[in-house]
Each structure stands twice: as C-alpha cells, then as structure tokens.
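A.B. asks: Below is the structure I would like to discuss, written out as structure tokens.
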Amino acid sequence: MNVARGLAALRGNSEKYLKLLVQFLELHADDMTRLTACRVASDHATALHLAHTLKGTGATLGADQIAAPAAELEALLRANPIKGIPSDAITSRIDVIDLEFAVLATQLQSWAAEPESAGLMLEDASAVARVLDELDRLLGKGDTEAISLFEAHEASLRTVLGVPCEELGRQIRRFGLMSAQDTLHKLRQQNMT
C-alpha cells in the first residue's frame with residue numbers, strides 16, 4: 001500500500017481512508033470473478049470497465065499491488081478482443097489481484113481488532129519524512145505551496161511531531177515561512193533524539 005498517496009488524496013483523514021479501503025474491498029473484491037464471467041460470455045466492454053475502474057480506484061487509494069496488474073489487464077483488453085487473449089495472460093493477473101484483495105482483507109481485519117496498529121501503519125515513518133523534507137524545501141524557498149502541503153498532511157504531522165506542531169502550523173498559515181523552517185528544524189531535531 002502506498003498509504004501516503006491514499007492519505008494525501010483525503011487530506012490526511014485516516015479515518016475516512018480506512019472506511020474507503022473497507023468500501024473498496026466490499027465493492028471490488030469479486031471483480032475478478034466478474035471478469036472471468038465476462039470472458040466466458042465474451043462481454044468485452046464490461047471486462048474493460050472492470051479493469052479500468054479497479055486500476056483507477058486502486059491507484060487513488062494507494063493499492064498499487066492491485067492497480068498495477070489491473071492496468072496490465074486493461075492494456076491487454078484494449079489491445080485484444082477478450083476471447084483472443086491467452087488464458088495464462090489473464091489468469092496470472094487475476095490471481096495476483098485476488099491474492100492482493102485477500103491480503104487487504106486480512107490487514108483490515110487486523111486493524112479492526114487492533115486500531116492502534118492501523119494508526120502506526122498510516123503514520124509510516126518514511127512517508128512522513130518525505131513530507132517533512134518537501135515542507136523544509138518549500139519553506140526554505142519561501143514558497144507558499146508549503147501551506148497546502150502542511151494542511152494536506154497536518155493530521156499525520158501532528159501524530160509524529162506532537163503538540164509543537166500547532167506552533168508550526170500557526171507560523172505557516174501566517175506566512176512566517178522562515179520562522180516556520182526554524183521551528184521545523186528544531187522539531188525534527190527533537191524527534192531524532
């Protein structure tokens with residue numbers, strides 16, 4: 001999962017992100033069964049629609065291990081009539097997608113049982129570090145895009161940086177970008193020790 005991208009699409013709202021992952025699973029987990037039925041019925045249009053939707057929704061939510069094989073399926077379907085595609089070319093991608101949905105279902109059940117583990121996963125340290133690096137770069141340039149970046153990831157940053165993140169947010173929103181960069185450096189130093 002590319003959680004950083006999924007959360008960014010929802011402006012850092014981890015609760016909504018988890019709900020959308022559950023909905024994604026409920027609505028699309030049996031798409032490959034439907035696609036197989038489309039192949040038997042020679043329903044090329046529906047098969048193409050299923051692959052396209054799965055690719056786009058998966059990518060938006062950061063489910064790259066589902067989106068990538070769905071994109072391959074879509075490309076195969078766009079280039080060939082459904083009956084003309086070798087069975088192993090479709091089956092291998094269907095199997096990967098089904099497996100990834102099973103992994104996602106297991107992970108979501110685990111998170112439901114232990115909500116704090118979901119929070120830890122959503123606050124992936126490397127993703128937050130990338131956001132902080134980009135924020136530092138923008139602040140250093142005096143670029144007001146820092147405001148949008150901060151607001152898009154504010155919930156995750158608060159979790160990592162704690163209460164002092166409020167001061168950082170105030171400085172950024174008041175266009176005190178140089179002061180905000182100094183504060184960010186201090187916060188990062190404190191979090192490294």
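The values are calculated or read from the model by the stated rules, or taken from the named source; none is laboratory data. Here the structure is a predicted model, which is why all the values come from computation and not from measurement. All Cβ positions, glycine included, derive from the backbone under ideal geometry; neighbour counts span all protein chains shown.
A.B. asks: Answer yes or no as to whether PHE175 is modelled with pLDDT of 85 or more and outside any helix (DSSP H, G or I).
C.D. replies: Values: modelled with pLDDT of 85 or more: yes; outside any helix (DSSP H, G or I): yes.
In short, yes.
A.B. asks: Report yes if some residue within segment 44-58 is touching a Pro at 6+ places or on another chain (Cβ under 8 Å) and surrounded by 15 or more Cβ atoms within 10 Å (Cβ to Cβ); otherwise report no.
C.D. replies: Here is the first cut: in segment 44-58, the residues touching a Pro at 6+ places or on another chain (Cβ under 8 Å) are 44.
In the following step, the residues that additionally are surrounded by 15 or more Cβ atoms within 10 Å (Cβ to Cβ) were identified as 44.
Scanning segment 44-58 turns up at least one residue that is touching a Pro at 6+ places or on another chain (Cβ under 8 Å) and surrounded by 15 or more Cβ atoms within 10 Å (Cβ to Cβ).
A.B. asks: Pull up segment 6-29, narrow it to residues that are modelled with pLDDT of 85 or more and loosely packed, with under 14 Cβ neighbours inside 10 Å, then point me to the one that is farthest from LEU99 (Cα to Cα). It would help to see each step written out before you state the result.
C.D. replies: Filtering segment 6-29 down to residues modelled with pLDDT of 85 or more leaves 19-29.
Next cut, loosely packed, with under 14 Cβ neighbours inside 10 Å only: 19, 23, 26-27.
On the way: LYS19: 21, GLN23: 18, GLU26: 15, LEU27: 16 Å.
Restricting to residues being modelled with pLDDT of 85 or more and loosely packed, with under 14 Cβ neighbours inside 10 Å, the top hit is LYS19.
A.B. asks: Another one. Quick one: count up the residues across segment 59-89 that are in a helix (DSSP H, G or I), at pLDDT below 90 and under 14 Å from SER42 (Cα atoms).
C.D. replies: Qualifying residue count, segment 59-89: 4.
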